[in-house]
Amino acid sequence: AIKTQQGGDGHPLTSDVIDRPPATPDAHEVPGRGTDTQEDTMTAYAIAHLRSVDLNASIVEYLTRIDATLEPHGGAFVVHGATPDVLEDEFPGTVVVIGFPTLDDARAWYDSPAYRAILPLRTENSDGTAFLVEGVAAGYRADSFLTKA
């Protein structure tokens with residue numbers, strides 16, 4: 001018997017499914033938030049690679065206070081404390097990704113008095129690296145990088 005290959009939605013992979021154009025990038029499903037539009041997507045990220053964390057009272061306090069520091073800057077957790085499925089080399093620890101509307105919003109959050117007040121709760125009780133990075137626009141193609149050189 002021939003087994004029919006199933007698509008991600010459970011339907012058989014037929015030519016009309018394979019040849020169907022991809023969904024438009026200006027409207028997509030965001031887990032927990034429903035449909036999101038391109039204008040509402042996050043374009044900058046605060047990323048932390050936490051190699052180790054001492055889960056003590058200070059870290060618990062940090063975790064209970066961080067959300068209030070994000071809200072005024074439009075920040076929201078995208079990934080929190082996930083252990084990556086490492087495909088190449090080594091990556092000890094966990095990952096945190098917080099999305100922001102703009103890089104300026106991300107910087108304003110990190111430099112805000114509210115976040116600076118709790119930052120030592122994390123840095124004194126964990127070993128890791130944190131950084132801000134700008135995302136790419138919807139529809140970005142990898143070969144666009146070649147024009148930056």
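Can you tell me which residues in region 67-116 are of a type in the set (A, V, I, L, M) and more than 13 Å from the chain's Cα centre (by Cα)? Within region 67-116, Ala68, Leu70, Val86, Leu87, Leu103, Ala108, Ala114 qualify.
Within region 48-63, the residues that satisfy the criterion of being assigned to a helix (DSSP H, G or I), more than 14 Å from Tyr115 (Cβ to Cβ) and either within 20 Å of the chain's Cα centre (by Cα) or among the aliphatic types (A, V, I, L, M) (or both) are Ala57, Ile59, Val60. In summary, Met42 fulfils each of the numbered conditions (1) crowded, with 17+ Cβ neighbours inside 10 Å; (2) assigned to a loop (DSSP other than H, G, I, E, B); (3) at pLDDT 95 or above with the single exception of condition (3).
Each residue in region 118-149 was checked for being open to solvent by less than 60 Å² (accessible area, probe 1.4 Å) and either among the hydrophobic types (A, V, I, L, M, F, W, C) or not in a strand (DSSP E or B) (or both), and 12 pass. Every test in (1) farther than 12 Å from Ala48 by Cβ; (2) in contact with a helix residue (DSSP H, G or I) (Cβ under 9 Å, 6 or more places away or on another chain); (3) open to solvent by 30 Å² or more (accessible area, probe 1.4 Å) is passed by Tyr110 save one, and that test is (1).
The values are calculated or read from the model by the stated rules, or taken from the named source; none is laboratory data. Quick caveat, the model's predicted, so the values are computed rather than measured. For neighbour counting, all protein chains shown are included, and Cβ atoms are generated from backbone atoms with ideal geometry for every residue, glycine included. Areas reflect the complete protein model, heavy atoms only, side chains present, ligands, DNA and RNA absent. Shrake-Rupley method; radii C 1.70, N 1.55, O 1.52, S 1.80 Å.
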